[in-house]
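Visitor: Just passing along the structure, written as structure tokens.
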Amino acid sequence: MKVALFLPCFVDQLQPQVGVDTVKVLRRIGCDVVYPEDQTCCGQPGFNTGQWNAARPCAERFVQVFRSYEWIVCPSGSCTSMVRTHYPELLKASRWKDDAVALGKRMFELSQFLVQVARVTDLGAEFRHTVTYHPSCHATRELGIYEEPIALLNKVAGLELREMPNANECCGFGGMFATKFGMVSAAMGDVKVGNVEATGAEYVTAVDPSCLMHLDGVLRFKDRRPKAIHIASILASGAAAR
């Protein structure tokens, strides 16, 4: 399969290794991965703050850049949801509306693509650590991603997956929510990190780099033991990756 890779702003600017590991995983299952260099932000920050006139050109550009590809894969639930769930509304008066709807059906978050489209759960990965999983809000509530990451993690050699208490609670990031309501966001992050620590796991993983960035900030600020790691980096690890 030929797959076009869309990298969210957080990955491009702050977590480039997630992008590298996503490519490793996709190539491992035989995908021909291309990176359209004309891609920019999907427009989610503007959309979420009500600045739809600012978000719309980003969305239209996204559709023009990716509309010719058979599959589009993104290592982020929130950005995938933006395209699949919100573009039809954002672009309802645009000439690109029909293309946006069609494109949304071919765009997948990484774990969802691996399990639902490629029909793969065992990637030959090895990660000999204890891990707990944070189900991010956009991935679960808007994309319905529940079992896919768990199925993939359960096939990683040496990985011990530990269930997190109150796992479905928001981590507190919420995009612009974290900047508008910093104290509330930090408090929610602290509660989530406490639940991570309750598992005794060495790592917390998720499919959303933004959530992991938030949790990593709380963990580092309070010098706590667990580390945040994107699921792509776990799936790309081990003997099969070298």
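Every number in this text was worked out from the coordinates using simple rules, so none of it is lab data. The structure presented is a predicted model; accordingly, all values stated were derived computationally and were not measured. As a convention, Cβ positions derive from the backbone with ideal geometry for all residues, glycine included, and neighbour counts pool all protein chains shown.
Visitor: How far is it, in nm, from the label point at residue 179 to the one at residue 162 when both lie 7 Å from their Cα along the line to the Cβ?
Guide: According to this spin-label approximation, the distance is 3.5 nm.
Visitor: What does the net charge come to around residue 223 if you take all other residues with beta carbon closer than 14 Å to its beta carbon, with K and R at +1 and D and E at -1?
Guide: Values: positive: 220, 222, 224, 225, 227; negative: 190, 197, 216.
Surrounding charge for residue 223 is +2.
Visitor: For the chain, set up a GNM with springs between Cα atoms under 10 Å and report which of 104, 200, 189 has the largest fluctuation.
Guide: Evaluated over the chain, the most mobile residue of the options is 200.
Visitor: Hand me the trypsin sites (Lys or Arg not before Pro) from the range 86-190 located in a DSSP loop with no more than 13 other Cβ atoms within 10 Å, in residue order please.
Guide: Numbers: sites: 92, 95, 97, 105, 106, 119, 128, 141, 155, 162, 180; in loops: 92, 95, 105, 106, 119, 128, 155.
Answer by residue number: 92, 95, 105, 119, 128.
Visitor: What net charge is computed for the residues neighbouring residue 64, neighbours being all others with C-beta under 11 Å from the C-beta of residue 64, Lys and Arg scored +1, Asp and Glu -1? Write out the running numbers ahead of the final one.
Guide: On the way: positive: 61, 67, 95; negative: 38, 60, 99.
Taking every Cβ under 11 Å from that of residue 64, the sum is 0.
Visitor: Given a Förster radius of 45 Å and the C-beta distance between residue 198 and residue 93 as r, what FRET efficiency does 1/(1 + (r/R0)^6) yield to the nearest 0.05?
Guide: On the way: r = 48 Å, r/R0 = 1.07.
After rounding, the FRET efficiency stands at 0.40.
Visitor: Quote the FRET efficiency, to the nearest 0.05, computed for residue 227 versus residue 187 with a Förster distance R0 of 25 Å and r equal to the Cβ-Cβ distance. Before the final figure, lay out each step's value.
Guide: Working: r = 21 Å, r/R0 = 0.86.
The computed FRET efficiency comes out at 0.70.
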